[in-house]
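Heads up: the structure comes next, in structure tokens.
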Amino acid sequence: MSVIGSELHMAASHHYSRTESTQTVLEINASGAQRTAAPERSSTPVVLSPRSREAQPLPLAAQTSATQETDETVVAEDPNQQLLIALIEYLTGEPVKLMDPRELSTPRQQAPATAQASAAASAREADTGISVYYEHTHRIQEHEATTFRAQGVIRTADGAEVKFAVELGMTRSYSEESRFELQIGTPRKREDPLVINFSGTAAQLQDQRFAFDLDADGQTSLIPLLAPGSGYLVFDRNSDGKVNDGTELFGALSGNAYADLAELDSDGNQWIDRNDAAFKELSLWLPDAAGKGRLVSLSDAGVAALSTKNLATPFELRGQGNSDLGAVRSTGLYLSTSNTVGTTQQIDLSV
């Protein structure tokens, strides 16, 4: 076959992109700082004694009031010691007291009282522990795409005319992620209330937090604020028109919001509706930054029935800097008074 003529039109395109990002998250969670202090505070201060580290202690006779003044002067002139004191006071919420070495000569008969105070302080410290979370993530993403297109006419010596169109594509993608995580102390807890999404979107959380006694232990925790478009399902057990603590939410204590909801299904049809006695006691809570907000009855919110069926739909909810706000655990459905269907979700809040 001999080619006697041709008309060729060719085009090509190439695209290459590479992104490299580094993200660092540091969370210092002092539980005591995020919980309302109990009426009784520890009377045992954090003790720091620069003099006690000296190799040659002073004789007892020389331990006068001037010793304590000298200790305080040393710390006042040492910026490293000042920084350490500031850090300890920030993390513990307790003032740092410089110890007079004479306190080391406490008579033995006082040891039991000291031990009891230490045990009580340790118990309180365990209850208001400090956790540090550090995460460093490095990501690389590459994408390359090349396309080739050709069309035209080829004429051969035997009188044939070949019309053609050819397209060839080549693509590749590459991604790499390395992550380092470090958790020191007790990790941040997650509590599990149930929310109703009435705006058609999934539940979202904001970086702003408000104080609320989520686990009903008499102490408030700082929990993320719901984004507009969702509200907490509330069972106003004492009919006082407000949300008192986590006992009036679903799942906050049991860890299984849909199981709590199913307990209200008196007729066993897997729906909570007007045929169930508790339905009229249910409300939608739209909290504000002060932890108050307003309660809306389900009928006023346009909710006619809540399904107890649900499926696991794990999804992390992150804030600015990829901070941990919580996670979606599972999703269910509700029927509106206008015969449309919306979603409910169990949200694990980071507290």
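The values are calculated or read from the model by the stated rules, or taken from the named source; none is laboratory data. As the structure is a computational prediction, the values presented were derived from the model and not from experiment. Heads up, the Cβs are rebuilt from the backbone with ideal geometry, glycines too, and the neighbour counts pull from every protein chain shown.
For the range 274-294, residues that are without any contact (Cβ under 8 Å) to a residue 60 or more places away in the chain, in a loop (DSSP other than H, G, I, E, B) and of a type outside the set (S, T, N, Q) total 4. Hey, any hits in the range 211-230 for a residue that's of a type in the set (Gly, Ala, Ser), touching an Asp or Glu at 6+ places or on another chain (Cβ under 8 Å) and not in a loop (DSSP other than H, G, I, E, B)? Within the range 211-230, one or more residues are of a type in the set (Gly, Ala, Ser), touching an Asp or Glu at 6+ places or on another chain (Cβ under 8 Å) and not in a loop (DSSP other than H, G, I, E, B). All told, SER330 falls short of being without any contact (Cβ under 8 Å) to a residue 24 or more places away in the chain and among the hydroxyl-bearing types (Ser, Thr, Tyr).
Taking LEU325, is it more than 29 Å from SER131 (Cα to Cα) and of a type in the set (A, V, I, L, M)? Against the criterion (more than 29 Å from SER131 (Cα to Cα) and of a type in the set (A, V, I, L, M)), LEU325 does not qualify. For the range 302-330, filtered to residues that are under 19 Å from the mean Cα position of the chain (by Cα) and of a type in the set (Val, Ile, Thr), the residue that is surrounded by the fewest Cβ atoms within 10 Å (Cβ to Cβ) is THR313.
Report yes if GLN208 is surrounded by fewer than 18 Cβ atoms within 10 Å (Cβ to Cβ), at pLDDT below 85, under 27 Å from ILE28 (Cα atoms) and not aliphatic (A, V, I, L, M), otherwise no. Considered against the rule, which asks whether it is surrounded by fewer than 18 Cβ atoms within 10 Å (Cβ to Cβ), at pLDDT below 85, under 27 Å from ILE28 (Cα atoms) and not aliphatic (A, V, I, L, M), GLN208 comes out as no. Going through (1) crowded, with 20+ Cβ neighbours inside 10 Å; (2) closer than 23 Å to PHE212 by Cα one by one, ASP288 falls short only on (1).
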